[in-house]
Amino acid sequence: QVQLAESGGGLVQAGGSLRLSCVASDRTFRLYAMGWFRQAPGKQRELVAAITSGGSTNYADSVKGRFTISRDNAKNAVYLQMNSLKPEDTAVYYCAASKGLGVTVGEYDHWGQGTQVTVSS
């Protein structure tokens, strides 16, 4: 069972930056696609960014050019660098792991507890 632990959330002003981190317990971390999701109150959970085991990335249109996902297999970690933050980025952000390509929410089998990101205007 893969355990995921997120950190790095917090309160930031619009235009600011945050870096989220997620550390996995599984030594086969490098074989997983990893994704960052977010869920705002009253809204569905959405895929923000994903990175395959091979390092290919994809992003939601709403964050392209502002967010960057990366991974460090030596540290069993995946990161989400968030720049030019907007109030609409406010949500709980979740890290998740998939043994597939990680394109859809349904492919993700393991989830972290989430970390709150709040962007003030």
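Worth a mention:
- Taking Cα centre as origin and charging only the Cβ of basic (Lys, Arg, +1) and acidic (Asp, Glu, -1) residues, the dipole magnitude of the chain rounds to 180 debye.
- Accessible surface of S56 - all protein chains present, 1.4 Å probe, nearest 10 Å²: 70
- Tail weight of P(r) past 22 Å, computed on alpha-carbon pairs of the chain, percent: 25
- Checking every one of the trypsin sites (Lys or Arg not before Pro) in the stretch 1-58 against DSSP loop status and a limit of 12 other Cβ atoms within 10 Å picks out R27, K43.
The values are calculated or read from the model by the stated rules, or taken from the named source; none is laboratory data. Keep in mind the model is a prediction, meaning the values are calculated, not measured. Cβ atoms come from the backbone with ideal geometry, glycine included; neighbour counts cover every protein chain shown. Note: accessible area is taken over every heavy atom of the protein model, side chains too, but ligands, DNA and RNA are not part of it. Shrake-Rupley method; radii C 1.70, N 1.55, O 1.52, S 1.80 Å.
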